[in-house]
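Encoded as structure tokens, the structure appears first; notes follow it.
The values are calculated or read from the model by the stated rules, or taken from the named source; none is laboratory data. It should be emphasised that the depicted structure is a prediction, and the values quoted were computed from it without experimental measurement. Heads up, the Cβs are rebuilt from the backbone with ideal geometry, glycines too, and the neighbour counts pull from every protein chain shown. When the accessible area is computed, the model is the full protein with side chains, heavy atoms only, and any ligands, DNA or RNA have been set aside. Shrake-Rupley method; radii C 1.70, N 1.55, O 1.52, S 1.80 Å.
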Amino acid sequence: QVQLVESGGGLVQAGGSLRLSCAASGRTFGSYAMAWFRQAPGKEREFVATSWSDGRTYYADSVKGRFTISRDNAKITVYLQMNSLKPEDTAVYYCAKGKHPWARESLEFDLWGQGTQVTVSP
């Protein structure tokens, strides 16, 4: 069964860094967009970053310049390096696979991980 498994979440102080990983099993995802979303308590799930199959990346304005998405197609793993973390970055972070190579919106993703909690203290 194809699945995505996130890891790397935790508790960090404001200004700190975390690196999230998303490991895929069951197939390769080199031809598809891979992305990170997040959902804070009481809020809608929101887009964080996406990596297209051609190498292009896009970020939410709220994380631009602080977060970096990358992928290792050989290892079938996607990463999210998060620097200069803020309390408002606190959320459950989800990895997702796109239905096609250029996915950005939530509805364009068809496989989701279980999520990993990121908590940033003031």
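Data for the structure
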quantity	calculated
Among residues of segment 101-122, those that are surrounded by 15 or more Cβ atoms within 10 Å (Cβ to Cβ), part of a strand (DSSP E or B) and in contact with a Lys or Arg (Cβ under 9 Å, 6 or more places away or on another chain), counted	5
Any hit, segment 14-33, residues being β-branched (Val, Ile, Thr) and under 25 Å from residue 121 (Cα atoms)	no
Within segment 22-83, strands (runs of 3 or more DSSP E) holding 3 or more residues that are open to solvent by less than 60 Å² (accessible area, probe 1.4 Å)	34-39, 46-51, 67-72, 77-82
